[in-house]
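Read the structure below first, then the notes.
Please treat every number below as a calculation from the coordinates, not as lab data. Bear in mind that the values here come from a model prediction, so they are computed numbers and not experimental data. Virtual Cβ from ideal backbone geometry, glycine too; neighbours counted across all protein chains shown.
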Amino acid sequence: MQGSEVKPGERVKDVHFTEATLAVDLLDGRTIVVPLAWYPRLLEATPQQLRNWEIGGAGYGIHWPDLDEDLSTEGLLRGAPAPREPAASRRGQE
């Protein structure tokens, strides 16, 4: 059995936020809710930047062009937080 089989109902329908969470509505009726703390770029974003998202990856991804952030429904369903950037990488971007 393949663990990473993508299903058509797992496509993104809508994205919304609370002060502390990201919620992604899927076409199959489920809603994935995860803490914004898992995604530092989203946590530090302005409300306007958060609202500026696009569906990508054939419907299985979410892209925030202002933030250069991409999430997939597969990763969200697995409960996978963003990988931590090494301190040296962060310094180079400042």
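Some values worked out for this structure:
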{"quantity": "Ellipticity estimate at 222 nm from DSSP helix runs (n ≥ 4, -39,500 (n - 2.57)) divided over the chain, nearest 500", "calculated": "-5000 deg cm²/dmol"}
{"quantity": "Cα gyration tensor category, rounded, prolate or oblate, for region 9-93 with a/c compared to 1.5", "calculated": "prolate"}
{"quantity": "In range of the label at ALA37: residues from region 67-83 whose backbone nitrogen is under 18 Å from the point 7 Å along Cα→Cβ", "calculated": "79-83"}
{"quantity": "Mean separation of Cα contacts under 8 Å (6+ apart) over length of the chain, as relative contact order %", "calculated": "21 percent"}
{"quantity": "Unit charges on C-beta of K, R, D, E only; dipole of the chain, Debye", "calculated": "180 debye"}
{"quantity": "Residues ASP70 and LEU27, FRET efficiency given R0 of 25 Å [Cβ-Cβ distance, rounded to 0.05]", "calculated": "0.85"}
